[in-house]
Amino acid sequence: DMGGHDTYMHKEISEQAEAVDRVLRGRIDDRFSTVHLGGLNLEPGEARRVRRIKILGCGTSYHAGQIGAGLIEELARIPADAEPASEFRYRNPVVDPDTLYVAVSQSGETYDVLAAVQELKRKGARVLGVVNVVGSAIAREADGGTYVHAGPEVCVVSTKCFTNTVVAFALLALHLGRIRDLSVADGKRIIEGLRRLPGQIDEILKTEPEIKQLARRYADAKSMLFIGRVRGYPVAREASLKLKEVSYIHAEAYPASELKHGPLALIDPSMPTVAIVPDDDLLEKNRAAMEEIKARSGRILAVAHQPQEKADDTIIVPKNENELDPILMGIPLQLFAYHTALALGRDIDKPRNLAKSVTVE
Ligand code: F6R
């Protein structure tokens with residue numbers, strides 16, 4: 001049942017405020033400015049001994065894991081990174097007893113992720129799952145973890161599950177941070193930020209008519225570049241994946257800092273750039289990147305917290321805490337991908353050549 005929406009993608013994008021509310025519910029502990037995650041199976045002493053965190057997933061879940069790694073480094077100060085599960089599996093990885101492994105999957109059935117978990121467990125590693133589907137293969141195989149509580153996701157293209165997975169990582173990062181060196185004041189600041197998310201998501205969803213107009217104007221592009229820095233880079237990667245999956249427009253994501261090392265050669269009036277421009281310590285750097293693109297007559301669509309003079313168009317999103325901004329900045333670009341695909345008459349819920357869960361190698 002699509003509940004009055006024309007596609008599951010639209011329905012699922014529209015459900016994100018409730019979905020985020022659900023992943024937060026019952027987990028916040030105001031007394032200690034932390035969160036409790038019931039199924040983690042990680043004692044405080046064990047959490048303190050973790051030296052590294054390695055996050056494994058595929059596609060959108062891998063991108064959510066990249067933002068998750070950033071959150072863990074920022075809030076818990078544990079070195080963390082994300083890697084596609086299949087790459088990890090085939091490079092004979094060094095499995096280290098002081099590393100905590102985290103497998104991310106909406107379906108909990110993605111073969112490459114499951115096989116990576118099994119290989120890790122065979123080598124004695126501790127593996128947590130960040131999974132949406134309760135009781136799925138990866139959830140059962142992991143030593144513990146947390147459910148994402150996004151609710152069923154039917155559209156092949158993942159939207160609400162991406163957002164909820166990133167929120168689940170924020171909770172994990174806060175939990176680990178408060179066992180380690182994150183202060184009460186910072187814990188409180190992040191909790192207040194988390195509580196603002198559902199209302200801010202609703203504000204973003206209300207701008208859909210403007211995003212629809214923008215999408216129609218950019219839909220004639222043959223190719224688009226997505227750029228961001230640090231917190232914004234995985235947002236750019238996910239937005240680029242979303243656009244190509246559902247609209248079939250070629251899109252590529254780059255760290256903004258890498259522009260001059262190659263992709264600037266592509267810039268001309270027919271190749272637009274989508275720039276993720278949060279109001280944080282890298283604002284000036286991002287503005288400089290937009291200037292370089294403008295100097296080559298490139299068109300720019302910015303996603304930002306305030307109007308960007310260098311951009312041709314700006315989608316304004318509400319500001320949260322710097323660490324949590326990536327959660328919100330991806331949402332207008334889900335709508336952008338959706339409306340681009342709609343304008344091009346694509347089969348939105350079932351893009352060609354793709355399946356909802358990839359249970360083969
Ligand atoms: C993108 C998408 C895929 C999945 C990937 C992993 O919109 O849906 O990239 O994210 O196949 O699937 P899960 O999360 O089920 O392991």
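The values are calculated or read from the model by the stated rules, or taken from the named source; none is laboratory data. Computed from a predicted model, the values in this text were never measured in an experiment. Positions of Cβ are generated from backbone atoms using ideal geometry, with glycine treated the same way; all protein chains shown enter the neighbour counts. Surface accessibility is based on the protein's heavy atoms, side chains included, excluding ligands, DNA and RNA. Shrake-Rupley method; radii C 1.70, N 1.55, O 1.52, S 1.80 Å.
One table, with the values for the structure above:
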read-out: GLU291 vs. criteria open to solvent by 40 Å² or more (accessible area, probe 1.4 Å), away from the ligand (no atom under 16 Å from the Cβ) and in a helix (DSSP H, G or I); value: yes
read-out: Conditions (1) at pLDDT 95 or above; (2) over 16 Å from the mean Cα position of the chain (by Cα); (3) not in a helix (DSSP H, G or I); number of the one not met by LEU56; value: (2)
read-out: Segment 107-136 residues that are assigned to a helix (DSSP H, G or I), paired with ones that are open to solvent by 10 Å² or more (accessible area, probe 1.4 Å) and away from the ligand (no atom under 15 Å from the Cβ) (beta carbon under 8 Å, 6 or more apart); value: LEU120/VAL95; LYS121/ASP143
read-out: Subset of segment 324-361 [free of Cβ contacts under 8 Å to residues at least 12 places away in the same chain and among the polar types (S, T, N, Q)]; value: ASN353
read-out: Test: TYR62 is assigned to a helix (DSSP H, G or I) and aromatic (Phe, Trp, Tyr); value: yes
read-out: Odd one out for SER297 among (1) over 19 Å from ALA69 (Cβ atoms); (2) of a type in the set (S, T, N, Q); (3) open to solvent by 40 Å² or more (accessible area, probe 1.4 Å); (4) touching a residue at least 60 places away in the same chain (Cβ under 8 Å); value: (4)
read-out: Subset tally (residues that are open to solvent by 10 Å² or more (accessible area, probe 1.4 Å) and either within 16 Å of the ligand (Cβ to nearest atom) or β-branched (Val, Ile, Thr) (or both)) for segment 68-98; value: 8
